[in-house]
Amino acid sequence: MMTTDDMACNELINIDVDTLAPHDLKQEKLQLSATLRKYYSFCKRRTFGTFVASKRASTTVWNCCGQTFKELSSIHKHVARTHDTDIHQLTQSTFEVLLSQIEKEATSQQQSTEKEPVDISSWIPDTSHITGDQLHNGPGEVLLLYCYCQLADPQLICAWQKALCEKLQLTGKVRVATEGINGTVGGTKVATGLYIKAMCCHPIFNIMEKEDFKTSNGGAECFCDLRVGVYKEIVPMGVDPDALSYSLAGTQLEPEEFHKEVEALLSKGDSCNDTILLDCRNFYESRIGQFSQCLAPNIRKFSYFPDYVDQNLDLFRDKKVLMYCTGGIRCERGSAYLHSKHVCKEVYQLKGGIHKYLEQFPEGFYRGKLFVFDKRFAISSNSDIISECRYCNSPWDQYQLCSTHFCCQLVLSCSACRQGGHTACCPICQTKGKGEEPSATPPQREECECTAMRPRIPQDAL
């Protein structure tokens, strides 16, 4: 059975670009989700190639606009400079045909799924040539990934992910929903390599490329176990995906483009009042690492972000917003929500998040550690320490869990203070924890000074 991309590619190959009527775009710049942008880029490359091929007079000669070109690079430059509008219009037409074909194939695939049970074993790679030792021992790494796409049967994808990770001896967390997949898994590099290959070969997730997977040093030991489940959202913002689609996300900027934007912002100093560099992570993440001169909301979890935006609309009014997060997924939903308020002049997001930025700019404008949601708590690319010990205010950025059994807060307590007995997140927890025995009753969260002293949704001002 042909995959969606196979059908789409065949359809595109058979399109005669000279017969396509130009379509006026409703917007000068397409506001597309990451998934749709990949389809659009595919259409643009194919359209450009087909347009150039239509000008070929012989194997090494192209004729266009009364001129003769004898080098491929020359005709490429000519088409790019002279026929940019034509390529733009033809790409849009081709894109519309592709989307129509994908929609038809998706409907057909859903109907087929309803009739015939799918064998997920066909989506799991053959590991007969791999020894158990290669999957269990050796250099390891942690993957961070997400893909927004419509899933007709998230339960099926969930079952496949669980079987795939178990076979490859991966640990971690994977969230599946009708809007796509989000996960972080750890294992040996042999295992993670097979996982990436399986994802990229899957008939739904084959729109992903290797660079869509962020990697860092680690392994299966970075997680307690494997947890795979189906949820309403692949990143918990608390807004129904049916009410706010990821397709409304802000324009993505490559790390190089984002770096230049931040550089321009910083060069203006205090005189810059038309741009906001927004960190849409939680306060404990931005506390140990952030971009210079960013706005870092003092919120405890991402589900507070919509309320934060609603209560600070004047802050964003008529501003250009540059958003960033760990790997990009929170910006997809966060920028879509900000867009829906119609107050910003422009909304941009860092493609690939801080992870990808640090790969190219380890000594760039992001300083300090990058918080990660596993046993490591943080990874680093530079030596800056921007946070302090909770008790003595000395430079410190190594998180540990509060030692009080009923508290789930993270604490920054330096080695000297910990040796002195300061192992809880605040004096209240330190007092409560003395002499208490662990209880079988699930702990009550947010009952300490750390949360009582901080408003749930802060009011910010630049």
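The values are calculated or read from the model by the stated rules, or taken from the named source; none is laboratory data. Since the model is a prediction, treat every value here as computed from it, not as a measurement. Please note: Cβ atoms are built from the backbone with ideal geometry, for glycine as well, and neighbour counts cover all protein chains shown. To get the accessible areas, we keep the full protein, side chains included, count just its heavy atoms, and leave off ligands, DNA and RNA. Shrake-Rupley method; radii C 1.70, N 1.55, O 1.52, S 1.80 Å.
Only protein heavy atoms count here; under a 1.4 Å probe, residue 189 has an accessible surface of about 100 Å².
Here, P(r) means the percent of Cα pairs in each 5 Å bin from 0 to the largest distance; for segment 209-292 it is 2, 8, 11, 14, 22, 18, 13, 7, 3, 1. Ordered from largest to smallest accessible area (heavy atoms of protein chains, 1.4 Å probe), the residues 248, 295 come out as 248, 295.
Heavy-atom accessible surface of residue 72, to the nearest 10 Å², is about 90 Å², with a 1.4 Å probe and all protein chains retained. Stretching residue 224 away from residue 200 to a fully extended chain increases their span by 6.0 nm, per 0.36 nm per residue minus the current alpha-carbon distance.
With R₀ set to 30 Å, the beta-carbon distance separating residue 300 from residue 247 gives a calculated FRET efficiency near 0.60. In terms of distances greater than 23 angstrom between alpha carbons, the cross-link table entries 162/210; 104/214; 197/260; 173/260; 38/189 yield 104/214; 197/260; 173/260; 38/189. When 56, 45, 367 are compared by accessible area at a 1.4 angstrom probe, the order from most to least is 45, 56, 367. How much of residue 78 can a 1.4 Å solvent probe reach, expressed as accessible area in Å² and rounded to 10? Solvent-accessible area, nearest 10 Å²: 20 Å².
With a simple spin-label model that places each label point 7 Å from the Cα along the Cα-to-Cβ direction, the separation between residue 57 and residue 318 comes to 5.6 nm.
From the largest down, segment 192-254 spans 37, 28, 26 angstrom on the principal axes of its Cα atoms.
Computed extension length for residue 137-residue 211: 24.2 nm, one decimal, from 0.36 nm per residue of separation with the Cα-Cα distance subtracted.
Counting only other residues whose beta carbon sits under 12 Å from that of residue 264, what net charge do I get with K and R as +1, D and E as -1? Neighbour charge sum, excluding residue 264 itself: -1. Treating each Cα of segment 282-426 as one equal point scatterer and applying the Debye formula with no solvent, the log10 of I(q)/I(0) at q = 0.09, 0.10, 0.11, 0.14 Å⁻¹ comes out as -0.32, -0.40, -0.48, -0.74.
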